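The values are calculated or read from the model by the stated rules, or taken from the named source; none is laboratory data. Keep in mind that this is a model prediction, so the values were computed, not measured. For neighbour counting, all protein chains shown are included, and Cβ atoms are generated from backbone atoms with ideal geometry for every residue, glycine included.
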Amino acid sequence: MLKALQTSTVRRVASPPSATPSPPRTLDPDSRRWLQELGGSGAVRDAAIARLHALLLRAARFEVSRRRRTLAHLRGGDHDDLAQQSADDALVAVLAKLDDFRGDSRFTTWAYKFALYEAAVKLRRRAWQDRELPLQPESWSLIAATGASPAQHATQNELLDALQTAITDTLSAHQREVLIAITLNDIPIDVLAQRLNTTRGALYKTLHDARKNLRHRLTTNGHDLADANGD
């Protein structure tokens, strides 16, 4: 978490100004055909949607197969069901975002990623299904960096004590819950979003605000995050 606080600060300071958007690329013939057919009507559009769903289903099955070792308790039918659900949701997402496609890659490559993402999310959620989410830190000692010099170790211990106090005194209950779940206990953000009945975007905003508040509290009290990380 100490490194995350520092990294977040560096990124905020060093981020370059927004570049002027580049003009749309010329689409390759296959991508142009996909867009024309999916944007059409009647039998042509129906056939294109069917082909797209088949493509997405292959992608989802690939991702489920690649990760199936992490879900050894699932049966074969469960894997296929997850792939089908992923392909269905990816199809809806692709059709809703057709106007966002700019031709930076082939259309099929762009669409393929939607299925990989949906499958990964569903697999992570299934892995945490019926498991209690640890929303309190399992071990503060895991935060400290290894290989530090005695002086660095002492500085880290002092900062760690200050960090625990800041988390308790500075953050709201919701910010503490989100920060600890994601940063300390490695709960996937989409799993946490589902359990808390919220969105990934809302959790990212909460996490950003929590880190900002902690950085301000620690630096105001004279703690140097860079020195604590040995940089």
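Just a few scattered comments:
- Annotation for the range 34-45: at least one member residue is in a helix (DSSP H, G or I), modelled with pLDDT under 95 and in contact with an Asp or Glu (Cβ under 9 Å, 6 or more places away or on another chain).
- Positions within the range 77-101 being surrounded by fewer than 18 Cβ atoms within 10 Å (Cβ to Cβ) and β-branched (Val, Ile, Thr), in sequence order: VAL92
- Subset tally (residues that are in contact with a helix residue (DSSP H, G or I) (Cβ under 7 Å, 6 or more places away or on another chain) and of a type in the set (D, E, K, R)) for the range 184-199: 1
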